[in-house]
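Below: one structure, written as structure tokens.
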Amino acid sequence: MNRSTDETKTLYESRFYDMKFRGTSNDLATVKIYTSKNSFQIEKQISFDSDYEPVSSMEYFAGSVLSSILLTLLEQSKRSGLIIEEVEGVLNLSLENPLTLVGVRGYDEEPAIRKIAVTVFLFVELEDQDFDDFCFRALRKSPIYNTLMRSMELEVMFKKLI
Amino acid sequence: MSNDRIKVGAVIYDPRVTVIWGIIADFFKAEGLEIECVFYKDYEGQVDGLMNREIDIAWNSPLAWLDTYLRTDGKCQMGSMRDTDRDRKTCFIVRKDSGITSLDGLRGKTIGFGAVDSPQARLIPINHLHKNGLEFEADYTEQRFDIGVGLHGDHVGGELDAIRALMAGTVDASVALDLNWEAWKKDGTVDENQLACIDTTPLFDHCIFTAHPDFSTERFLQWQEVLHRMDYSNEAHKQMMDMEGLKEWVEGRITGFEQLREANDYLKFLNNV
């Protein structure tokens, strides 16, 4: 019997993993997000106050992007039998039209994340070409990277720690 | 009721500045007088907003004050200013090795100015040159650094680019507000051994709160009374006052805008933009 290559005959569960989140705002000021097992509170989309401590939507978003990339590298290294001895990433994000967000009259352009640049520093026993091959192959396993790279300017650079 | 709130306008070019106004609004609320902050992209929009009564009080640049003053036939109400807004002056800077030692030495030279609408880095110094016998568009070449047009020189970029051009040798002189010149010497932005201030304008004033002519004078005075309760010796107030760059709110005055009025007449600026 030949193996089917027809996507329509593949089980839905094999092609998609569905997740559901719930958000509520009892005080009509902050939002509580419920995952399947946990919940967390978000007070602001973004804060321009350097003293503001709670995590904002924008910070969760950036943290999600960076952590997905780093975790993908760690997971893929284990699967390929490589040992990453050190890893660290830096994410720079440019929010376009922030003044629309704070309601400055005269600014109407939609606020959006214009660009994300991620630099990952890795210590792993691989030579230059193998290092690049591993990093970029692993990166392709990050669902968040794959999603964002289709919709925005997302640059990821890898640097080898010596 | 929100309708009772006094609406205060401010021009914002950096979202972080809204944090300062949030702290100021919280201070007023704690003092029992609620304000609503309304933010504008530029001073022209803010003066429009004041004239349309979108706001009751505007935190105005000197040029925005003049614009309001002219549009209301002098009937707008003048409010407080920061202690640091009083008695400012603009410095004329040259390279020490240029041999230029006085304003007359700038005849035929290229002078770097800030943004087109900057009182301190263009309008007032041009008027000062005029009063010292150097006519605009005749006796020297203007090299303008138009950073943040519409912000009336609030953004330091134009003045900074002008002095950088001076250091690079592409202009023969540049102008800068005294506070900026002193700060740049202190933080190493400029080399004091290479540059010299050859002249300064007479003293002038800077920003000022301005209320619409129809806004209740009693409420304006009440608002200012609360504003003046900010105390630099109070740690909570100090942080807010440091962010706004003052140690004390002082009585406003319009005598310090005389040079700007002369500059506007000389350049016919508000008639031309």
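Read-outs: derived from the displayed coordinates by stated rules, not from any lab. Bear in mind the structure is a predicted one, so any value in this text is a computation, not a measurement. Virtual Cβ from ideal backbone geometry, glycine too; neighbours counted across all protein chains shown.
Worth pointing out:
- Extension gain, B:R53-B:V226: 0.36 nm per intervening residue step, less the Cα-Cα distance, totals 60.1 nm.
- Positive end of the dipole of region A:83-162 (Cβ unit charges, origin at the Cα centre): among A:G103, A:Q129, A:M157, the Cα lying farthest that way belongs to A:G103.
- Trypsin sites (Lys or Arg not before Pro) restricted to DSSP loop in region A:20-108 with at most 16 other C-beta within 10 Å: A:K20, A:K37
- Dipole magnitude for region A:41-138: about 380 debye, using +1 per Lys or Arg Cβ and -1 per Asp or Glu Cβ, origin at the Cα centre.
- Spatial separation of Cα centroids for region A:61-89 and region B:69-145, in angstrom: 57 Å
- Mean residue ellipticity at 222 nm, helices only, chain B: -10500 deg cm²/dmol; runs of at least 4 DSSP H residues each add -39,500 (n - 2.57), and the sum is divided by the number of residues.
- For A:G89, residues with placed amide H under 5 Å, excluding near neighbours: A:F121
- Nearby lysines by direct alpha-carbon distance to A:K20 (threshold 16 angstrom, same-chain neighbours under 8 apart not counted): A:K32, A:K37
- Our estimate of slack between A:E53 and A:L161, defined as 0.36 nm per intervening residue step minus the Cα-Cα distance, is 35.7 nm.
- Shape category assigned to region B:94-135 from the gyration tensor of Cα positions, a/c cut at 1.5: oblate
- Relative contact order computed over region B:90-200 (Cα-Cα under 8 Å; 6+ residues apart), in percent: 44 percent
- Evaluated with a Cβ-only charge set (Lys, Arg +1; Asp, Glu -1), region B:1-58 carries a dipole of roughly 80 debye about its Cα centre, given to the nearest 20.
- The fewest-to-most ranking of A:T72, B:T90, B:T110 by surrounding Cβ atoms within 10 Å reads B:T110, A:T72, B:T90.
- Under the simplified labelling scheme, the A:E109-A:S14 pair shows an inter-label distance of 4.8 nm, with each label point 7 Å from Cα along Cα→Cβ.
- Tensor-based shape of region B:120-273 (alpha-carbon gyration tensor, a/c under 1.5 rounded, otherwise prolate or oblate): oblate
- Partner lysines whose Cα lies under 25 Å from the Cα of A:K160, excluding those fewer than 8 positions away in the same chain, are identified as A:K78, A:K115, A:K141.
- Measuring nothing but how far apart in sequence close Cα pairs (under 8 Å, 6+ apart) lie, relative to its length, region B:1-101 scores a relative contact order of 28 percent.
- Hz values of 3J(HN,Hα) by residue in region A:51-64 - Karplus curve (6.51, -1.76, 1.60), Gly and Pro given as x: 8, 6, 9, x, 7, 8, 4, 5, 5, 4, 4, 5, x, 5
- Ranked A:S151, A:S67, criterion: other C-beta atoms within 10 Å, fewest first: A:S151, A:S67
- Cα-based shape type of chain A, given that a ≥ b ≥ c are square roots of the gyration tensor eigenvalues and the cut on a/c is 1.5: oblate
- Percent of C-alpha pairs per 20 Å bin, the protein assembly as shown, short to long: 20, 41, 29, 10, 1
- For the protein assembly as shown, with +1 on Lys and Arg beta carbons and -1 on Asp and Glu, the positive-most of B:M240, A:Q76, B:C37 along the dipole: A:Q76
- Charge dipole (Cα centre; +1 on Lys/Arg Cβ, -1 on Asp/Glu Cβ; no other charges) of region A:36-92 amounts to roughly 420 debye.
- Working from label points 7 Å from Cα in the Cα-to-Cβ sense, the A:T24 to A:F136 distance is 4.8 nm.
- Using C-alpha pairs under 8 Å with a sequence gap of at least 6, the mean separation divided by the residue count of chain A gives a relative contact order of 17 percent.
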